[in-house]
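Working notes, beginning with the structure itself.
The values are calculated or read from the model by the stated rules, or taken from the named source; none is laboratory data. In this text the structure is predicted, and so the values were computed from the model without any measurement. FYI the Cβ positions are ideal-geometry reconstructions off the backbone, even for glycines, and counts take in every protein chain you see. The accessibility values were calculated without ligands, DNA or RNA, using every heavy atom of the protein model including side chains. Shrake-Rupley method; radii C 1.70, N 1.55, O 1.52, S 1.80 Å.
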Amino acid sequence: MNWTERVFKLQEHGTTVRTELVAGLTTFLTMAYIIFVNPSILGDAGMPKDAVFVATCLIAALGTTIMGLYANYPIALAPGMGLNAYFAYVVVLKMGFTWQAALGAVFVSGCLFLAVTLFGLRGLIIRGIPHSLRYAITVGIGLFLALIALKSAGIVAASPATFVTLGDLHTPPVVLAVLGFVLIAVLDKLKVPGAILIGIVAVTIASFFFAGNEFRGIFSAPPSIAPTFLQLDVKAALTGGILNVILVFFLVELFDATGTLMGVAKRAGLLVPGKMDRLNRSLLADSGAIFAGALLGTSSTTAYVESAAGVQAGGRTGLTALTVAVLFLACLFIAPLAGVVPAYATAPALFFVACLMLRDLTELDWDDTTEVIPAAVTALTMPFTYSIANGLAFGFIAYAALKLFTGKAKEVHWMVWIIGGVFLFKFIYIGGH
């Protein structure tokens, strides 16, 4: 028995080394944008972009390696979108804290997150999530992915009158994205291995000829991480004014990561009796990555919803995650090459996966409005508030309220009351950031 079989149990999960490698490459290509977007956003907060670039690659590689080897899950970790924007534009630029203090807040929230996981409270929270909301998490993540994909492709654009509107369908990126989606759907139906990856590569190649994409070289030496390494200010993070920030980081980390892990793991068929111990390990892996990322110099690290693309490509074990980790490390040296895949090339893959994730709508009991309405609220508010955490918050509050006012309070797990109450308190006294 070779080491891959011994460590990852490929046969048990009905997969092969080749399938896992293709799945890992697929996941990486759908989330590689973070190594360029994260430094750009945190750079707006005054952080050195080159150092943030290195920190982003390193924490993605470290966190994903732990996820792969310790939990044997095909899920990748990296600094989370949304939280980095909150870090830069709200905590630093709006509230006036230094980026060092904001990193300290991330570190403290990561410690709390790890404690909640170690003491089993996170497991209690998950067990307390009703089945209808679990299905809604998957559907909501699918809708969230769809919005990200349509925005990346240029099919959806901002509008001052209607918030969102149809983009310019005559631009090369939109046309290529649409053709890429059709290609992926057709190849998948024909059961061609690596259909998603083929679609991404095809659009990327076409972008050189039709969309003005430029080849930027291959190798470059990695910049220094010294400007952000261990620069966090924990003392400033523990002062009164930033405690609200820590709570927001903690709540969003808890429910973004938990929701993503459950949604992607369910999509991979891993949330079944006998395999739940791996879920607990995955929770520990992403908990540890948060404060490790703060030490390196980046905002909160979380499980990536784009991992669903790799799962759809056949990824079922930690070998998929390990592949992603190696590619992130390689990005330290081949940043120009990694940056050549445009967002509109990965958008078709994300949109295809999003379509498939909507199948869980059929699992809902549509005759029981006290179950289906909170599920619908959860799924719909995720894309419309651009936040998995907000979707969960509204879903829990709606679930508790409907059960209470329809005389079904006894059906509700005690954890739902606590979670709903915490979110209600957050919205009333802290706000909706």
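Structural remarks
- For Leu332, the criteria (1) touching a Pro at 6+ places or on another chain (Cβ under 6 Å); (2) under 24 Å from Ile388 (Cα atoms); (3) at pLDDT 85 or above; (4) not in a helix (DSSP H, G or I) hold in every case but one, which is (2).
- Search result, residues across region 335-344 that are at pLDDT below 85 and either crowded, with 17+ Cβ neighbours inside 10 Å or more than 27 Å from Leu179 (Cβ to Cβ) (or both): Ala335, Ala338, Val340, Val341, Pro342, Ala343
- Positions within region 119-152 being among the hydroxyl-bearing types (Ser, Thr, Tyr) and open to solvent by less than 20 Å² (accessible area, probe 1.4 Å), in sequence order: Ser132, Thr138
- When Phe97, Phe87, Phe113 are screened for being assigned to a helix (DSSP H, G or I) and either out of contact with any Ser or Thr (no Cβ under 8 Å at 6 or more places or on another chain) or within 29 Å of Arg267 (Cα to Cα) (or both), only Phe113 passes.
- Given (1) open to solvent by less than 20 Å² (accessible area, probe 1.4 Å); (2) of a type in the set (Gly, Ala, Ser); (3) within 28 Å of Ala158 (Cα to Cα), index of the condition Ala376 fails: (1)
- Leu124 out of contact with any Lys or Arg (no Cβ under 6 Å at 6 or more places or on another chain) and under 30 Å from Glu363 (Cα atoms): yes
- Residues of region 153-172 that turn out to be open to solvent by less than 40 Å² (accessible area, probe 1.4 Å) and in contact with a Phe, Trp or Tyr (Cβ under 7 Å, 6 or more places away or on another chain), as a count: 2
- Take the conditions (1) over 18 Å from the mean Cα position of the chain (by Cα); (2) open to solvent by 10 Å² or more (accessible area, probe 1.4 Å); Val52 misses just one of them, which is (2).
- If you check Val192, Val186 for being out of contact with any Pro (no Cβ under 9 Å at 6 or more places or on another chain), part of a loop (DSSP other than H, G, I, E, B) and not polar (S, T, N, Q), only one passes: Val192.
- Selection count where residues are crowded, with 24+ Cβ neighbours inside 10 Å and either closer than 25 Å to Ser40 by Cα or among the aromatic types (Phe, Trp, Tyr) (or both), scope region 59-82: 11
- Of Leu350, Leu358, all but one fail to be open to solvent by 40 Å² or more (accessible area, probe 1.4 Å), within 21 Å of the chain's Cα centre (by Cα) and either touching a residue at least 24 places away in the same chain (Cβ under 8 Å) or farther than 30 Å from Val90 by Cβ (or both); the exception is Leu358.
- Test for Thr228: is it more than 30 Å from Leu392 (Cβ to Cβ), within 24 Å of the chain's Cα centre (by Cα) and polar (S, T, N, Q): yes
- Test: residue in region 206-223 that is in a helix (DSSP H, G or I), open to solvent by less than 40 Å² (accessible area, probe 1.4 Å), closer than 22 Å to Thr26 by Cα and modelled with pLDDT of 80 or more: yes
- Residue count for region 84-118, restricted to those that are open to solvent by 10 Å² or more (accessible area, probe 1.4 Å) and either in contact (Cβ under 8 Å) with a residue 12 or more places away in the chain or under 19 Å from Arg278 (Cβ atoms) (or both): 19
- Lone qualifier among Ile141, Ile125, Ile148 - being in contact with a Gly (Cβ under 6 Å, 6 or more places away or on another chain), at pLDDT below 85 and either assigned to a helix (DSSP H, G or I) or more than 21 Å from Ala379 (Cα to Cα) (or both): Ile141
- Counted as qualifying within region 7-81 are no helices (runs of 4 or more DSSP H), as none has 3 or more residues that are charged (D, E, K, R), farther than 12 Å from Phe328 by Cβ and free of Cβ contacts under 8 Å to residues at least 24 places away in the same chain.
- Qualifying residues in region 281-310 (those that are over 19 Å from Val248 (Cβ atoms), in a helix (DSSP H, G or I) and in contact with a Ser or Thr (Cβ under 8 Å, 6 or more places away or on another chain)) - the one most open to solvent (accessible area, probe 1.4 Å): Leu284
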